[in-house]
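Asks: The following block contains the structure, expressed as structure tokens.
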Amino acid sequence: MVGGGIAGLSAGWRLAKHGFRDFIIVEMEQRAGGNSRWGENEVSAYPWAAHYLPVPNRESALVRELCSELGLLEDGVWSERHLCHSPQERLFLHGRWQEGLEPEVGVPREQKQQFRRFEERIGEFAGSRQFTIPMDIGARASALDQVSMDEWLRREGFDSPYLNWYVNYGCRDDYGALARDTSAWAGIHYFASRQHDERGPLTWPEGNGWLANKLLERLERNVRASAMVTGVRREGRRLRVVTPETEFLAEAVIWAAPSYLLRYVIEDAPDTSGLIYSPWIVANLTLDRLPREINSERAWDNVLFDSAALGYVVATHQSLRSRIVRSVWTWYMALAEGVPAANRNLLLEKDWSYWKEFLLRDLERAHPDIRQCVSRIDIMRFGHAMARPVPRWIFSETRRRLCRWGTDIVLANSDLSGFSIFEEAQYRGVKAADRVLRRLGSA
Amino acid sequence: MPALLLLSVFLIAACGLIYELLAGTLASYLLGDSVLQFSTVIGSYLFAMGIGSYLSKFIGKGLVTRFVTVELLVGLIGGFSSTILFLAFAYTHGFRLLLYLVVLAIGTLVGLEIPLMMRILKGRFEFRELVAQVLTFDYLGALGASLLFPLWLVPQLGLVKGAVFFGLLNAGVALWTTFLFRDRIGGLVGLRVMCLLVMAALGVGMTYADQILDLADGNLYADEVIFARNTRYQRIVITKWKDDIRLFLNAHLQFSSRDEHRYHEALVHPGLAAVPGARRLLVLGGGDGLAVREMLKYSLVESITLVDLDAEMTHLFSTHALLKTLNQGSLSAPKVKVVNQDAFPWLETNNDVFDFVVIDFPDPTNFSLGKLYTTAFYRLMARHLSEGGLAVAQATSPLFARQSYWCVAETMKLAGLRVYPYHAYVPSFGEWGFILAGKREYEPPHSLPGGLKFLQAAMLPQLFQWPADMAPVPVEANRLNDQVLVRYYEREWREVAR
């Protein structure tokens, strides 16, 4: 397996479950985990990217299987400890915090009705059973994919600025894209696929690093970190996988790294044109004391209305302690505005102090004393953080071909689904493992 | 130079108005009836300014020196006006008298400022120009102050620090004047030293403003405050009036020594007396040692572990003479072990099993405290409960917060425990609720330890009877990921407190 993110680790999980142990997961970074990577300091563990898992629906069989294995789901009951504690979310709107992310305070009645109508429409889509997780099991070619989410909102008469902010927030959060750069099918999928019967999501101090770590514990002996694959060459019936220190001879390769990278290592790489990735910036702020709160209690997910960023999550939120003195906050921003390539240049250009100032100004709106509380800021730049489901991609011929491509090399990254979420990465990893097992079995 | 002088006029005018507004606001805060307070404060202040203006004609020579002295006095009295008034309210009966004395003093001094300033500037402007310029800046200063006061001073600095800040401005003007007119005054060094001394005094006032306010909040409590301290976790205040000692945590009453025996006997004995062989006991919360005092009445008990987050709280109740009398030195008893840790994580890391557990936490006023009332918490607690053991939780008032009370019962039930809800009347609190829980059948005990002041074995069955207005209501259980209890509680007590 090339790539030790959730796709690669899930492929390993699947292989091991079938008693197949003769595999290596090669990871470029010093630590595996991919978008579920995490860090830790003397205050708390904290996430570097993905930080929650929505409570899986019944159709998400693989995720539920993993959850049962990890003790998160027992006799149909979700473990309260790992479900996000109250209060889950709050929104800084008109100079004060309100509960929940759906704007309530100061929203005119007509616009509130649009929210209700939007919910009804989403409910209808959810009822169609086409918006599933994993998307593969429900997705049917749809005209919705031909237009952007923004266009769809306009056509449906949803012109409320509050609702538009809300939908844009969802698109930025899961796809790193604005509604106008997101396929309406994917935009609706974000809302319609999450009709949960339990109050979630599942979360941990280190975010999805908790899940990645559990998988890693099971695959410890199979993972080689700090090894970047620079080439994959055919040698008879085998494949030679080249890394700077070691070369591996393999009967099959699962390419769990982003699909667009394949063309840099093999000659007959598939066409990935049309695959677009969103750049991100993530910061972890270590706080020696917590900013003052007036008439509000800090939630797990704290969002600022009309901010270019996505807000912050609190790593110590799941602590059982009743008094928290120090904490780590993870601040996120998808560089959604503008062209991804230009934004990647911006990431390369700007240094730590630029982003430090940027994020403190953002947070200062809601926490005037934030500068006095922060003792350390760690920042990570992600050039290709997640696949972006632009219009006409999900049901394109190119994507369909990518999913079926290869015999001894198969693809597994979540970008095959069009968007990068834990469940899709796991599904693609498991599917790839099954294809490889079939091939090895028949050989 | 004229511009700088006019800036001084602007500043002293602003300071003058600020003190007037401060006095009016403070009087309204503390005495109520803001119309009366503001009218009388403004009236006497303006009147005093008239006195000052009149008195200015008696000042002949050394105009600049007098002006500097007046500024320093305004800075000193004005700067400390809030402090003096807060303390006067908390510790004396002469608040009103002092209020008007301070207002008159500042007013008179401020009344001197402008006439003196005009005479100092006399030679530099034509009379027509002088009156126009000085009064323009005087009124501009007033406008500035009136905007600054509500928008910045009160919200950002507060009344005590705000006054000191403007006192520093006055002293600054004084010091600055000694430089502007260094050729017109004698004894320059002495004057400047005075300026620096006043500024130093105000600086100290700025640093200790918070402690001064702490001292002054004695007036929050009806009785004499005998102890007050901010610990890392909470504000502890103990008051005493005759033989009534009261404990407040974050201004919430925790007990009154007049009737705490009712609360603590009701909390401990219906459960503990029903576990005849109980040897190992646990108290979660309850750092006042009063529940432990009741538990020590059972001679078979071998050990009592008390887990309370706040070390200063347990220290206070094991060392303070008056409080030790109250809990009969329970926290220092050889059988008692005090652990200063957060209860939830402590239960998580500890493996001990107990025959009787008292859960005596503050009410679930916020989500942090609400965690201690969740199914996850009670499930964990149940793992520390022996098979025949019982646990009891204080669960707020079933009369005032009926849904909250029954929500706690429902939560314990969902955590797999059998629950036996009961209530007792505690005058300081009103009708109060408790919930007994265990893994087995419970029967009220037929005998209780001797020496109880409130409970008698014969009345126990009544405690488990529910009058119609407190009877069970349908509620949801409180869970970590859906803390309904905090919402019930907030809504219900808001209605009561109205």
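The values are calculated or read from the model by the stated rules, or taken from the named source; none is laboratory data. What you are looking at is a predicted structure, and each value in this text was computed from that prediction instead of being measured. Neighbour counts are summed over all protein chains in view; Cβ atoms, including those assigned to glycine, are modelled from backbone coordinates with ideal geometry. To get the accessible areas, we keep the full protein, side chains included, count just its heavy atoms, and leave off ligands, DNA and RNA. Shrake-Rupley method; radii C 1.70, N 1.55, O 1.52, S 1.80 Å.
Asks: Working only within the range B:374-416, note down all residues that are of a type in the set (F, W, Y), out of contact with any strand residue (DSSP E or B) (no Cβ under 7 Å at 6 or more places or on another chain) and away from chain A (no Cβ under 14 Å).
Replies: Correct list: B:W406 only.
Asks: To continue, here is another question. Checking the structure you have, find out if any residue of the range A:207-220 is of a type outside the set (V, I, T), over 24 Å from the mean Cα position of the chain (by Cα) and away from chain B (no Cβ under 14 Å).
Replies: No, every residue in the range A:207-220 fails to be of a type outside the set (V, I, T), over 24 Å from the mean Cα position of the chain (by Cα) and away from chain B (no Cβ under 14 Å).
Asks: Answer yes or no as to whether B:V357 is open to solvent by 60 Å² or more (accessible area, probe 1.4 Å), touching a residue at least 40 places away in the same chain (Cβ under 8 Å) and closer than 30 Å to A:H85 by Cα. Spell out the reasoning first.
Replies: Numbers: open to solvent by 60 Å² or more (accessible area, probe 1.4 Å): no; touching a residue at least 40 places away in the same chain (Cβ under 8 Å): yes; closer than 30 Å to A:H85 by Cα: yes.
When the stated conditions are applied, B:V357 does not pass them.
Asks: While we're here: If you take the residues in the range B:452-483 that are part of a loop (DSSP other than H, G, I, E, B) and open to solvent by 70 Å² or more (accessible area, probe 1.4 Å), which one is nearest to the other protein chains (Cβ to nearest Cβ)?
Replies: B:E476
Asks: Go through (1) surrounded by 19 or more Cβ atoms within 10 Å (Cβ to Cβ); (2) of a type outside the set (S, T, Y); (3) under 35 Å from the mean Cα position of the chain (by Cα) one by one and return the number of the condition B:R491 breaks.
Replies: (1)
Asks: A further question on this structure: Collect the residues in the range A:42-71 that are open to solvent by 40 Å² or more (accessible area, probe 1.4 Å), in contact (Cβ under 8 Å) with a residue 40 or more places away in the chain and not hydroxyl-bearing (S, T, Y), keeping them in residue-number order.
Replies: Of everything in the range A:42-71, just one residue is open to solvent by 40 Å² or more (accessible area, probe 1.4 Å), in contact (Cβ under 8 Å) with a residue 40 or more places away in the chain and not hydroxyl-bearing (S, T, Y), namely A:E59.
Asks: Within the range B:330-339, work out how many residues are over 19 Å from B:L309 (Cα atoms) and either surrounded by 17 or more Cβ atoms within 10 Å (Cβ to Cβ) or hydroxyl-bearing (S, T, Y) (or both).
Replies: Residues of the range B:330-339 over 19 Å from B:L309 (Cα atoms): B:333-335.
This time we only want the ones that are either surrounded by 17 or more Cβ atoms within 10 Å (Cβ to Cβ) or hydroxyl-bearing (S, T, Y) (or both), so: B:333.
Number of matching residues: 1.
Asks: Can you run down the residue pairs with Cβ atoms below 6 Å, 6 or more apart or on separate chains, where the first is in the range B:315-334 and over 22 Å from B:E302 (Cβ atoms) and the partner is open to solvent by 10 Å² or more (accessible area, probe 1.4 Å) and polar (S, T, N, Q)?
Replies: Sorted first by the residue in the range B:315-334, then by its partner, the pairs are B:L326/B:S257.
Asks: Is it true that some residue in the range A:299-318 is within 14 Å of chain B (Cβ to nearest Cβ) and assigned to a loop (DSSP other than H, G, I, E, B)?
Replies: Yes, the range A:299-318 has at least one match.
Asks: Right, next: Would you point out the residue of the range B:360-373, among those that are touching a His at 6+ places or on another chain (Cβ under 8 Å) and either open to solvent by less than 10 Å² (accessible area, probe 1.4 Å) or more than 13 Å from B:V484 (Cα to Cα) (or both), that is nearest to the other protein chains (Cβ to nearest Cβ)?
Replies: Looking at residues that are touching a His at 6+ places or on another chain (Cβ under 8 Å) and either open to solvent by less than 10 Å² (accessible area, probe 1.4 Å) or more than 13 Å from B:V484 (Cα to Cα) (or both), I get B:P362.
Asks: While we're here: Considering only residues that are in a helix (DSSP H, G or I) and touching a Leu at 6+ places or on another chain (Cβ under 6 Å), look in the range A:198-255 and name the one that is nearest to A:Q318 (Cα to Cα).
Replies: Applying the filter and picking the extreme gives A:K214.
Asks: Regarding the range B:451-467, can at least one residue be identified that is closer than 13 Å to B:C407 by Cα and in contact with a helix residue (DSSP H, G or I) (Cβ under 6 Å, 6 or more places away or on another chain)?
Replies: Within the range B:451-467, the subset closer than 13 Å to B:C407 by Cα is none.
No, the conditions are met nowhere in the range B:451-467.
Asks: Of the residues that make up the range B:362-369, is at least one modelled with pLDDT under 95 and in contact with a Pro (Cβ under 9 Å, 6 or more places away or on another chain)?
Replies: Yes, because at least one residue in the range B:362-369 is modelled with pLDDT under 95 and in contact with a Pro (Cβ under 9 Å, 6 or more places away or on another chain).
Asks: Conditions first: (1) open to solvent by 30 Å² or more (accessible area, probe 1.4 Å); (2) closer than 24 Å to B:L175 by Cα; (3) polar (S, T, N, Q); (4) modelled with pLDDT under 90. B:T83 passes all but one, so which condition is the exception?
Replies: Every listed condition holds for B:T83 apart from (1).
Asks: Only one of B:L347, B:L309, B:L323 is under 27 Å from the mean Cα position of the chain (by Cα) and within 23 Å of B:F434 (Cβ to Cβ); which?
Replies: B:L309
Asks: Let me ask something else about it. Residues that are of a type outside the set (G, A, S) and more than 38 Å from the chain's Cα centre (by Cα): list the helices (runs of 4 or more DSSP H) wholly contained in the range B:49-164 that include at least 3 such residues.
Replies: Details: elements: B:63-79, B:81-91, B:95-121, B:127-148.
Correct list: B:63-79, B:95-121, B:127-148.
Asks: If a residue must be open to solvent by less than 40 Å² (accessible area, probe 1.4 Å) and within 29 Å of B:L197 (Cα to Cα), how many such residues does the range B:28-49 contain?
Replies: 2
Asks: Here's a check for you: in the range B:233-255, which residue that is within 14 Å of the chain's Cα centre (by Cα) and more than 19 Å from B:A291 (Cα to Cα) is farthest from the other protein chains (Cβ to nearest Cβ)?
Replies: B:T239
Asks: Mind listing whichever residues of the range B:241-283 are under 29 Å from B:D342 (Cβ atoms), open to solvent by less than 30 Å² (accessible area, probe 1.4 Å) and among the charged types (D, E, K, R)?
Replies: Once the filter is applied, which keeps residues that are under 29 Å from B:D342 (Cβ atoms), open to solvent by less than 30 Å² (accessible area, probe 1.4 Å) and among the charged types (D, E, K, R), the range B:241-283 yields B:E260, B:E265.
Asks: I've got another one for you. Determine whether the range B:296-307 contains at least one residue that is buried (at least 22 other Cβ atoms within 10 Å of the Cβ), out of contact with any strand residue (DSSP E or B) (no Cβ under 9 Å at 6 or more places or on another chain) and either at pLDDT below 90 or away from every other protein chain (no Cβ under 14 Å) (or both).
Replies: There is no residue in the range B:296-307 that is buried (at least 22 other Cβ atoms within 10 Å of the Cβ), out of contact with any strand residue (DSSP E or B) (no Cβ under 9 Å at 6 or more places or on another chain) and either at pLDDT below 90 or away from every other protein chain (no Cβ under 14 Å) (or both).
Asks: Can you tell me which condition A:G338 does not meet? The list is (1) in contact with a Lys or Arg (Cβ under 9 Å, 6 or more places away or on another chain); (2) at positive phi; (3) more than 14 Å from chain B (Cβ to nearest Cβ), and all the others hold.
Replies: Every condition holds for A:G338 apart from (1).
Asks: Right, here's the next one. Could you tell me which of the residues B:A415, B:A437 is open to solvent by less than 10 Å² (accessible area, probe 1.4 Å), within 23 Å of B:D482 (Cα to Cα) and assigned by TED's automatic domain parsing to the domain that holds B:N481?
Replies: Answer to the selection: B:A437.
Asks: Is it the case that the range A:84-91 has a residue that's modelled with pLDDT under 95, surrounded by fewer than 18 Cβ atoms within 10 Å (Cβ to Cβ) and not assigned by TED's automatic domain parsing to the domain that holds A:R289?
Replies: No: the range A:84-91 contains no residue that is modelled with pLDDT under 95, surrounded by fewer than 18 Cβ atoms within 10 Å (Cβ to Cβ) and not assigned by TED's automatic domain parsing to the domain that holds A:R289.
Asks: Can you tell me which condition A:A366 does not meet? The list is (1) of a type outside the set (V, I, T); (2) under 25 Å from A:N41 (Cα atoms); (3) part of a loop (DSSP other than H, G, I, E, B), and all the others hold.
Replies: (2)
Asks: Going by the conditions given, is B:Q156 open to solvent by 60 Å² or more (accessible area, probe 1.4 Å) and among the polar types (S, T, N, Q)? Step through it out loud before you land on a result.
Replies: Details: open to solvent by 60 Å² or more (accessible area, probe 1.4 Å): yes; among the polar types (S, T, N, Q): yes.
Yes: the conditions hold for B:Q156.
Asks: Looking at the range A:400-443, which of its residues are over 25 Å from the mean Cα position of the chain (by Cα) and among the charged types (D, E, K, R)?
Replies: A:D408, A:R438, A:R439, listed by residue number.
Asks: Let me ask something else. With (1) closer than 25 Å to A:V167 by Cβ; (2) touching a residue at least 12 places away in the same chain (Cβ under 8 Å); (3) away from chain B (no Cβ under 13 Å) as the list, and A:W329 as the residue in question, which single condition is left unmet?
Replies: In the conditions (1) closer than 25 Å to A:V167 by Cβ; (2) touching a residue at least 12 places away in the same chain (Cβ under 8 Å); (3) away from chain B (no Cβ under 13 Å), A:W329 misses (1) alone.
Asks: Restricting to the range A:154-188, name every residue that is open to solvent by less than 10 Å² (accessible area, probe 1.4 Å) and on the phi > 0 side of the Ramachandran plot.
Replies: Selection gives A:G176 alone.
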